1. Around S53, under 15 Å between beta carbons, what's the net of Lys plus Arg minus Asp minus Glu among the other residues?
2. With a 1.4 Å probe and every protein chain left in place, tell me how much accessible area H74 has, in Å² to the nearest 10.
3. When a/c reaches 1.5 or more, the comparison of a/b and b/c decides; with that in mind, is the stretch 24-67 rounded, prolate or oblate per its Cα gyration tensor?
4. In whole percent, how big is the carbon plus sulfur part of the accessible area of the chain, probe 1.4 Å, protein atoms only?
5. Nearest 500 deg cm²/dmol is fine: what mean residue ellipticity at 222 nm does the chain get from its DSSP H runs of n ≥ 4 alone, each adding -39,500 (n - 2.57), divided by its residue count?
6. Using alpha-carbon pairs under 8 Å, 6+ residues apart, how would you state the relative contact order of the chain in percent?
7. For a Förster distance of 25 Å, can you work out the FRET efficiency between the beta-carbons of R110 and D87, rounded to the nearest 0.05?
8. To the nearest 0.05, how large is the calculated FRET efficiency for T37 and A103 if R₀ is 25 Å and r is the Cβ-Cβ distance?
Amino acid sequence: TTETSRHAGLPLAHWITQTEGLITARVAASLEEHGLTRAQWQMLNALTASPLSSEEVTAGFAPELSETALAELHELVEAAWVAVEGDLFTLTATGREAGERVAEAVDRLRAEAIGDLPREDYETTLAALRTIARNLGHPEA
């Protein structure tokens, strides 16, 4: 169609930006349905493996966000999804179940996003994006 051909010539950066924005919006909406922010979801994931100190739970956040992250961690405690045991934060049974429900919702969203894309095309796309990131200086790509 004319619409398809008009969009076909748009640069890589356009499609990366569009895709990232759509994924971010859909994940945020799904998390909101479960009463979580993205930061809280990351914290629940971090606590899945083992109890952690507040510094460990919030370590992945930029320094300027550490107070906000700490406040969001305490919201999880108030919601009884996370418990404090001494200096460590740990998931409660309710928090673990909620984390599992959210993970299932995010997995469904990921599956929807790549639904009609053949597996080998998906793997090729990931490899190409890693190569581009490496070429542009990403140290871990």
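The values are calculated or read from the model by the stated rules, or taken from the named source; none is laboratory data. Bear in mind that the values here come from a model prediction, so they are computed numbers and not experimental data. So basically every Cβ, Gly included, is an ideal-geometry build from the backbone, and we count neighbours across all protein chains shown. Heavy atoms of the whole protein, side chains included, go into the accessibility calculation; ligands, DNA and RNA do not. Shrake-Rupley method; radii C 1.70, N 1.55, O 1.52, S 1.80 Å.
1. -4
2. 80 Å²
3. Oblate shape, in that a/c is at least 1.5 and b/c is the bigger or equal ratio.
4. Heavy-atom surface of the chain belonging to carbon and sulfur, 1.4 Å probe: 56 percent.
5. Calculated from helices alone, the mean residue ellipticity at 222 nm is -22000 deg cm²/dmol.
6. Across the chain, relative contact order equals 20 percent.
7. With a Förster radius of 25 Å, E is 0.10.
8. Here the calculated transfer efficiency is 0.95.
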